[in-house]
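Engineer: Questions regarding the structure given below will be posed in turn.
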Amino acid sequence: LFQTLYNYFWWERLWLPENVTWADLEDQDGRVYAKASHLYVTLPMAFLFLIVRHLFETYVATPLARLLNVKEKIRLKATPNAVLEKFYAATSKHPKQADVEMLSKKSGCTVRQVERWFRRRRNQDRPSLLKKFREASWRFTFYLIAFIAGMAVIVDKPWFYDLREVWKGYPIQSMLPSQYWYYTIELSFYWSLLFSIASDVKRKDFKEQIIHHVATIILISFSWFANYIRAGTLIMALHDSSDYLLESAKMFNYAGWRNTCNNIFIVFAAVFIITRLVILPFWIMHCTMVYPLELYPAFFGYYFFNVMVAVLLLLHIFWAYLIIRMAQKFITGKARGGLGTARGCPRGEGAVVEDERSDREETDNSEEEEEKNGPLSNGHPVLNNNHRKTD
């Protein structure tokens with residue numbers, strides 16, 4: 001049964017044009033061709049990336065955060081309350097008004113105290129500013145290095161300047177060592193992102209991020225199996241061209257450098273829209289959809305590859321909508337907050353672009369009452385002889 005499934009999976013008509021077989025892609029005369037076995041190394045490399053990331057965040061990103069004076073916002077903690085904690089963990093983090101009133105009776109707290117407890121409890125679960133800065137630093141470093149490496153791999157190739165060269169001689173196109181390393185490093189990195197997504201900062205587009213990582217892994221892997229390497233390197237370099245700008249904007253935002261953050265964000269928005277909404281559909285997708293049909297009839301691999309690129313394009317349109325919303329707020333002076341949920345800049349000191357994907361830090365409007373009555377214990381005021389907030 002396994003052998004039958006294996007044979008069906010690697011059926012040549014799925015991966016290659018008609019009249020081409022896997023035998024045509026056997027290594028010979030010093031020419032090496034892409035094989036599925038070449039990518040087995042990406043899984044252990046993905047775990048190696050996780051180790052390198054941990055070391056980078058600990059010994060590079062954390063000292064850099066201190067150097068840039070990245071400060072944590074002091075959060076008031078929710079006092080222990082078994083009734084409210086049980087509802088928070090098992091039912092909902094955002095109770096409805098009827099639930100608040102019910103919890104008020106069960107816990108012996110006032111409605112306002114219950115609402116305050118849930119605000120503080122949600123804020124406790126939000127990732128710290130340092131965690132966000134460390135993640136942004138790691139991704140900035142990788143995307144910048146990957147973009148430079150990707151350009152070094154393709155800038156001297158004829159298909160970088162003439163897209164028809166992408167298909168010259170296809171599929172009998174031998175693999176270059178630089179292409180191999182570019183592919184394995186990129187694929188390993190996206191595997192590592194998929195493995196760590198549950199523990200990374202969770203944003204509102206969490207599901208879209210998973211779809212993006214899975215689609216990217218499938219696209220990279222398939223383009224390697226079907227020997228779409230030239231097109232694959234172009235697409236990867238195109239995507240890396242804007243990502244490092246976004247991550248650097250986040251870093252400066254967390255550090256409170258609002259003008260630098262805003263300026264980089266505007267550059268990022270322009271590069272993102274040009275590369276992913278103009279170059280990708282009108283140059284790259286035209287290259288992968290039109291030119292191959294001049295050489296051979298469409299086959300499954302042709303359709304599959306272009307469908308996966310179209311999935312990425314749809315995600316780019318979704319993110320472009322969020323970016324334009326942020327840019328519009330920035331231009332009209334209505335922007336606030338910061339990229340990646342952090343409000344790195346004090347209010348009233350200039351507009352800072354806000355990430356539409358992020359949850360906002362909730363403010364506690366009851367602090368004045370607490371200042372007057374003292375801190376809460378299980379939702380009730382307690383005596384504080386020092387007349388200071390200890391929360």
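The values are calculated or read from the model by the stated rules, or taken from the named source; none is laboratory data. Keep in mind it's a predicted model, so treat the numbers as computed, not measured. All Cβ positions, glycine included, derive from the backbone under ideal geometry; neighbour counts span all protein chains shown. To get the accessible areas, we keep the full protein, side chains included, count just its heavy atoms, and leave off ligands, DNA and RNA. Shrake-Rupley method; radii C 1.70, N 1.55, O 1.52, S 1.80 Å.
Engineer: Give the cross-link partners of K157 among the lysines, using a straight C-alpha distance below 27 Å as the criterion and excluding same-chain residues fewer than 8 apart.
Structural biologist: Of all the lysines, those that pass the test against K157 - Cα under 27 Å, at least 8 places apart if same chain - are K35, K168.
Engineer: Would you mind getting the Kirkwood hydrodynamic radius of segment 193-331 from its Cα pairs, rounded to one decimal in Å?
Structural biologist: So the Kirkwood estimate lands at 16.5 Å.
Engineer: Compute the whole-percent fraction of alpha carbon pairs in segment 82-125 spaced more than 14 Å apart.
Structural biologist: Summing the P(r) of segment 82-125 above 14 Å gives 38 percent of all pairs.
Engineer: What accessible area per residue comes out for segment 62-101, rounded to a whole number of Å², with a 1.4 Å probe?
Structural biologist: Dividing the accessible area of segment 62-101 by its residue count gives 72 Å².
Engineer: Next question. Provide the FRET efficiency to the nearest 0.05 for the N263-Y321 pair, computing r from the beta carbons and using R0 = 30 Å.
Structural biologist: 0.85
Engineer: Right, here's the next one. As an exercise, identify the chymotrypsin sites (Phe, Trp or Tyr not before Pro) in segment 27-106 lying in DSSP coil whose Cβ has no more than 15 other Cβ atoms within 10 Å.
Structural biologist: When the chymotrypsin sites (Phe, Trp or Tyr not before Pro) of segment 27-106 are filtered for loop state and at most 15 Cβ neighbours within 10 Å, Y40 remain.
Engineer: Measuring from centroid to centroid over Cα atoms, what is the spacing of segment 14-53 and segment 128-189 in Å?
Structural biologist: Segment 14-53 and segment 128-189 have Cα centres separated by 16 Å.
Engineer: Treating cross-link reach as a plain straight distance, find the lysines whose alpha-carbon is under 26 Å from the alpha-carbon of K106, omitting any fewer than eight places away in the same chain.
Structural biologist: Once the sequence-local lysines are set aside, what remains near K106 is K77, K86, K93, K96, K372.
Engineer: Give the calculated FRET efficiency between F222 and T91 to the nearest 0.05, with a Förster radius of 56 Å applied to their Cβ-Cβ distance.
Structural biologist: With a Förster radius of 56 Å, E is 0.85.
Engineer: Fully extended, how many nm does the chain gain between F47 and K106 (0.36 nm per residue separation, minus their Cα-Cα distance)?
Structural biologist: 16.5 nm
Engineer: Based on the Cβ-Cβ distance from I197 to V307, what FRET efficiency comes out when R0 is 22 Å, to the nearest 0.05?
Structural biologist: So the FRET efficiency works out to roughly 0.40.
Engineer: According to a simple spin-label model (label point 7 Å from Cα along Cα-to-Cβ), what is the distance in nm between W283 and E18?
Structural biologist: 3.4 nm
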